[in-house]
Amino acid sequence: MLIGKYIPNLIAKPFDISRDYAQIIYDQTSSPKLDRVLRNWDEENWDSSDKRQQLAYIILVELLAFQFASPVRRIQTQDLLFTHYNFHPPHRSRSFAYVNRRGNADPQGQI
């Protein structure tokens with residue numbers, strides 16, 4: 001669903017599920033999770049179709065974790081994911097607050 005789509009992120013490239021993409025993210029973040037994936041790429045067969053969903057999840061979470069830790073583009077990224085791509089976390093707790101385009105906190109994620 002997200003492959004080839006641009007989501008504002010640390011590396012300014014469209015989303016992909018590949019070793020090269022994971023390496024670019026690792027080079028920018030030094031993510032321990034991506035370090036383990038990249039070091040064990042061949043042994044754990046990360047290129048296989050069986051691991052594709054898990055790899056996509058790891059890449060997305062690591063990319064966005066470091067992006068959201070950087071407040072500069074966090075609101076723009078959040079707005080794009082929630083409105084344009086209609087992506088919503090599966091379980092939103094009361095502590096989750098979506099900040100809409102007007103800068104208002106909205107716990108229901110509505111704009």
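The values are calculated or read from the model by the stated rules, or taken from the named source; none is laboratory data. Please read these numbers as outputs of a predicted model, since none were measured by experiment. Positions of Cβ are backbone-derived with ideal geometry, glycine not excepted, and every protein chain shown enters the neighbour counts.
Things to note:
- Residue within region 6-20 that is within 13 Å of the chain's Cα centre (by Cα), among the hydroxyl-bearing types (S, T, Y) and outside any loop (DSSP other than H, G, I, E, B) present: no
- Qualifying positions in region 37-57 - out of contact with any helix residue (DSSP H, G or I) (no Cβ under 9 Å at 6 or more places or on another chain) and within 23 Å of A12 (Cα to Cα): R52, Q53, Q54, A56, Y57
- The criterion of being small (G, A, S) and within 21 Å of G4 (Cβ to Cβ) holds for S49.
- Helices (runs of 4 or more DSSP H) contained entirely in region 21-111, each with at least 3 residues that are charged (D, E, K, R) and either modelled with pLDDT of 85 or more or surrounded by fewer than 13 Cβ atoms within 10 Å (Cβ to Cβ) (or both): 32-39
- Filter result for P8 (out of contact with any Asp or Glu (no Cβ under 6 Å at 6 or more places or on another chain), within 18 Å of A69 (Cα to Cα) and either surrounded by 12 or more Cβ atoms within 10 Å (Cβ to Cβ) or modelled with pLDDT of 95 or more (or both)): yes
- A search for C-beta distances below 6 Å between a residue of region 27-45 that is within 15 Å of L60 (Cα to Cα) and any residue that is surrounded by 14 or more Cβ atoms within 10 Å (Cβ to Cβ) and among the acidic types (D, E), counting only pairs 6+ apart in sequence or on different chains, returns S31/E62; K33/E62; L34/E62.
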